[in-house]
1. Taking a cut-off of 18 Å between Cα atoms, list the aspartates and glutamates near LYS21, but don't count ones fewer than 8 places away on the same chain.
2. For the chain, what percent of Cα pairs sit more than 25 Å apart?
3. Among the lysines, which have Cα under 20 Å from the Cα of LYS123 when same-chain residues fewer than 8 positions away are ignored?
4. How would you classify segment 146-247 from its alpha-carbon gyration tensor, with a ≥ b ≥ c the square roots of the eigenvalues: rounded for a/c under 1.5, else prolate if a/b is greater than b/c, otherwise oblate?
5. Using a cut-off of 23 Å between alpha-carbon atoms, which lysines can reach LYS344, once sequence neighbours fewer than 8 places away in the same chain are excluded?
6. Where the centroid of each part is defined by its Cα atoms, how far is segment 302-371 from segment 134-168 in Å?
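Every number in this text was worked out from the coordinates using simple rules, so none of it is lab data. Note that the structure is a prediction, hence the values are computed from the model and not measured.
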Amino acid sequence: KAVANIVEMNIASGLSQFYAKQGRLSSNEMADKVRQLFALDADMSDYYNHELADGKWNHMMDQPHIGQFGWEPPRINILPPISGILPEYNNNYGVAIEGNINAWPGHYGAAVLPTFDSFQPRKSYIEVFAEGTLSIEYSIEADKNWIVVTKDIAERTDDRYWVEIDWDQAPEGSSSGIIHVTGTRDNVEVRVNAIKATEEQKQEAKGRFATITGVTVINAKDAVNKINTNSVRWEEIPGYGRTEAAISMYPVTAESILPPEPAPTLEYPVYLPKAGNYEVTLVVGPVMDFVPDRGMRIAVSFDEEDPQVLDLFENRASQTFLGGNWYGVTRDNVRRKSSVHTLKTSGKHMLKVRMVDPAIVLEKIIIRPTNISLPESYFTPPSNALFLNEN
């Protein structure tokens, strides 16, 4: 309960600052929530010290534990940073969209939702919020029949609308539409872009991790083929990392296997919309360089190309304990290692991840064209499922 309280408090802290930048009245509510949870932590600590088991564990909860900015504990518990706004007496509303810190009306740029991909059917959202102290009035409507807008029924201060695509109604290829938010303020237009695969593309992508927008994210455990050797095998580790399970090679005492020797291999059939250069990023557990005479290596390739051997500790001074990148690895609890591959054709390809050294735990794989940048993300974009083309 105490840990859950800390997590909820830090989330509310972040939301209070995020909402304040957008001008939301609800930023004040989030700030109040932080103060309440901060006080609740003190109450739980006092209960543990003085009431639990008749005070048997007195002073166990004395150490400050909120507001740690380095490896040392804080001198005293520090209220997490919060923000708020000075509300005015009006009925102004604002519009925010997924993945954007800005709000409309008033921002100079266009409001554009992340592009929808028929190979990866997902929802996005729009939020409408009060800026002042009076009730807001507005309407929301899409101008295309294939754009589906549904109000979230969950209890929340700001109104959230889920946006998804009716792929049966959407035309093939690239399409766009507008969601209009109208009311007592300037009309806000939220652009919706969608790309629907053709029948030929769907047939070619069947049974593969497919994308038409360019970015593919795969949970490592979802390999279609797990190729083992007589002495080394791939095994899932349930509950490891930020997915249902991660995957690693066993036994952890296995000898290293360098290409071109046969090695345990994971295979992922993919469909990529264009030829060109692709970056493959492996998201792995925060392993250390515990073997004195080498780093920690794993190999990546597409199709029949020669595997690229990647060493997590290629720059050992930076990656090892207390090195320059150590703090990022510790904060995120993962390491990332990337390779770049030139694919001469679009369409079907087979991504292969080969063992070189044991004791590496693979969590996710991100494939993206090198000309597409991804925003910084703790969780990575959502993972793809195999495209089955059942419709």
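1. In chain and number order, the partners are GLU29, ASP32, GLU88, GLU98, GLU127, GLU131, ASP158, ASP159.
2. Details: 51085 of 76245 pairs.
Pairs farther apart than 25 Å: 67 percent.
3. Qualifying lysines at Cα under 20 Å: LYS144, LYS151, LYS196.
4. Numbers: a/c = 3.99, a/b = 1.75, b/c = 2.28.
The shape class here is oblate.
5. Cα-Cα hits under 23 Å: LYS202, LYS206, LYS274, LYS352.
6. Measuring centre to centre over Cα atoms gives 39 Å.
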